[in-house]
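Visitor: Before anything else, here's the structure in question.
The values are calculated or read from the model by the stated rules, or taken from the named source; none is laboratory data. As the structure is a prediction and not an experimental result, all values here were calculated from the model. Heads up: the accessible areas ignore ligands, DNA and RNA and are worked out on the full protein's heavy atoms, side chains in. Shrake-Rupley method; radii C 1.70, N 1.55, O 1.52, S 1.80 Å.
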Amino acid sequence: FAQFLGVGLTQQSQAKSSLYLALWIATGNRYHARGKLVGQFADVAIATTSDGRYEMKANCGRALALLTSTAAALVILTPGIGYDYAHPTKAYAAAACGTPVLFAGAPAFGDLVGEAGLGEAVDFTPGAVAAAMRSLIEASASGESERLRPQRAAWARENVSLAAVGDRAAEAVLAAIR
């Protein structure tokens, strides 16, 4: 199984219908994939079966364990509703685990995902998400995704970890008082 994980409150409100449709488009009869939405209020698992049916199951919120075992972290931010310049921490959490990010939304964060090699950044359409899912399924199956895991984790450690951000903040404060 290839698995895609959406983590967080906005994932449930923004991603559920997109995930259904993208999984349906991506899997067809060729792939067997699962999608999970893990968040603050309700945890939902969506799975495709080999005969094209979908299953929904309640899940516990084991986000870290799920992030390290998934084909990609699904990060969907609906463009035009106030999140166009957001930097979702769920994407940084995935990167810290070395897990690829599948981002659909406004280009501001999508550009970062692409430039940093964190995964796939696509338009906010089910077709684009489905194409990225297929690409990430193939990268997972070929071992390419696992090979790149250390680079994604290193990027997170060097750029968005508590230590890295703390160092930059301390440098800014020290520079301001000099």
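Visitor: Just to be sure before I move on: is Ala65 within 20 Å of Asn159 (Cα to Cα), open to solvent by 30 Å² or more (accessible area, probe 1.4 Å) and in a helix (DSSP H, G or I) in the structure I sent?
Guide: Details: within 20 Å of Asn159 (Cα to Cα): no; open to solvent by 30 Å² or more (accessible area, probe 1.4 Å): yes; in a helix (DSSP H, G or I): yes.
Here the answer is no, as Ala65 does not meet what is asked.
Visitor: Among the residues of the stretch 154-178, what is the count of those that are in a helix (DSSP H, G or I), open to solvent by less than 60 Å² (accessible area, probe 1.4 Å) and within 18 Å of Ala96 (Cα to Cα)?
Guide: Here the count works out to 6.
Visitor: Residues that are open to solvent by less than 50 Å² (accessible area, probe 1.4 Å) and at pLDDT 90 or above: which strands (runs of 3 or more DSSP E) entirely in the stretch 68-140 hold 2 or more of them? Break it down stepwise before answering.
Guide: Values: elements: 72-76, 101-104, 119-122.
Per the criteria, 101-104, 119-122.
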